[in-house]
Amino acid sequence: MKTILAISGSLRASSANTTILEILGTLFPVDVRYAIYEGIGNLPHFNPDIDKDGPLLSVKALRDHIKNAAAVVICTPEYAFGVPGVLKNALDWLVSSGELNEKPVATISASPLYRGGDRAHASLLLTLEALGVQKIAEVTIPAVTTKLNEHGELTHPETKQELATLAQSLVKAIAN
Ligand SMILES: Cc1cc2nc3c(=O)[nH]c(=O)nc-3n(C[C@H](O)[C@H](O)[C@H](O)COP(=O)(O)O)c2cc1C
């Protein structure tokens with residue numbers, strides 16, 4: 001069974017971005033394994049020096065999860081017009097090891113603000129270009145807090161449709 005690995009750029013317990021990833025996970029067919037990676041907050045600050053004698057366990061775990069995934073989906077908030085440091089840090093650990101090279105990747109940004117974190121999204125896409133990913137689909141979700149109810153359900157049909165289309169694109173990308 002092929003795995004789609006989801007990574008949230010937010011460490012918050014009640015993160016809207018992580019909630020979006022949880023909802024996305026319900027939109028895949030049963031023959032796709034979907035897992036949200038929860039380790040990016042445990043990674044050390046990227047430093048090539050500490051990679052020389054073999055990766056630390058947390059770094060190796062991230063690399064193994066990416067390597068074993070058929071595709072990856074990243075959902076991120078925007079902090080100060082950019083990608084959260086914790087997500088950029090995780091991506092920096094993958095530059096030289098290459099697990100994301102040619103990997104199908106879909107990206108989502110979600111923000112309570114009206115631009116939907118589009119600047120962080122653009123910055124994320126630029127970083128992913130450096131990593132050589134195969135870009136599959138992109139969704140930007142503005143005013144995300146108005147589209148989720150208190151039960152963490154998506155109450156906005158258009159956004160749900162956009163997520164369903166993104167999920168279908170990922171399934172298609174890993175079909176062969
Ligand atoms: C320090 C800080 C900076 C932020 N900067 C931005 C920003 O530049 N653009 C934006 O759309 N939202 C910004 N936000 C609001 C976040 O989008 C909001 O906190 C969001 O809910 C975080 O995502 P999460 O719910 O997945 O944790 C900022 C929030 C904080 C705490």
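The values are calculated or read from the model by the stated rules, or taken from the named source; none is laboratory data. Just so it is clear, the model here is predicted, and its values are computed rather than measured. We place every Cβ from the backbone using ideal geometry, glycine too, and count neighbours over all the protein chains shown. Ligands, DNA and RNA are excluded from the accessible area calculation, which covers all protein heavy atoms including side chains. Shrake-Rupley method; radii C 1.70, N 1.55, O 1.52, S 1.80 Å.
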> In the neighborhood of P142, defined by Cβ-to-Cβ distances under 10 Å, what is the net charge if each Lys or Arg adds +1 and each Asp or Glu adds -1?
Replying inline: +1
> For V30 and K52, what does the FRET efficiency come to when R0 = 45 Å and r is the distance between their Cβ atoms, rounded to the nearest 0.05?
Replying inline: 0.55
>> Give me the percent of accessible area attributable to carbon and sulfur for the chain, probe 1.4 angstrom.
In response: 53 percent
> Rounded to the nearest whole Å³, what is the per residue volume of the convex hull around the Cα atoms of segment 33-100?
Replying inline: 95 Å³
>> Let me make sure I get this right: for segment 93-176, a, b and c are the square roots of the gyration tensor eigenvalues over alpha carbons, sorted descending. Under 1.5 in a/c it's rounded, otherwise prolate if a/b > b/c, else oblate. Which is it?
In response: oblate
> Averaged per residue, what accessible surface does the chain expose to a 1.4 Å probe, in Å²?
Replying inline: 51 Å²
>> Along the Cα→Cβ direction, 7 angstrom out, place labels at A80 and S96. What is the inter-label distance in nm?
In response: 2.6 nm
>> For H151, H45, H156, give me the order by solvent-accessible area with a 1.4 Å probe, most accessible first, ignoring ligands, DNA and RNA.
In response: H45, H151, H156
>> Beyond a 24 Å Cα-Cα separation, which of these cross-linked pairs lie in this structure: K67/K135; K103/K147; K88/K135; K67/K172; K52/K135?
In response: K103/K147; K52/K135
> Simple spin-label model, 7 Å along Cα-to-Cβ: E38 to R115 in nm?
Replying inline: 3.3 nm
>> Which residues among segment 76-105 fall inside the zone where the amide N is under 14 Å from a point 7 Å beyond the Cα of K2, along Cα→Cβ?
In response: 103-105
> What per residue convex hull volume, in Å³, comes out for segment 2-173 when only alpha-carbon positions are used?
Replying inline: 103 Å³
>> As a test of the formula, what do you get for the chain when each DSSP H run with n ≥ 4 contributes -39,500 (n - 2.57) and the sum is divided by the residue count, at 222 nm and rounded to the nearest 500 deg cm²/dmol?
In response: -10500 deg cm²/dmol
>> Only helices at least 15 Å long along their own axis, judged from Cα atoms, and with Kyte-Doolittle mean hydropathy of -0.5 or greater: name those in the chain from DSSP H.
In response: 57-68, 118-130, 157-173
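Suppose the chain between A13 and D64 were pulled fully straight at 0.36 nm per residue; how much longer would it get relative to their current alpha carbon spacing?
15.9 nm is the gain from fully extending A13 to D64.
For an R0 of 22 angstrom, estimate the FRET efficiency from the Cβ-Cβ distance between Q161 and E22 and round to the nearest 0.05. Walk me through the numbers on the way to the answer.
Working: r = 18 Å, r/R0 = 0.80.
Result of the calculation: an efficiency of 0.80.
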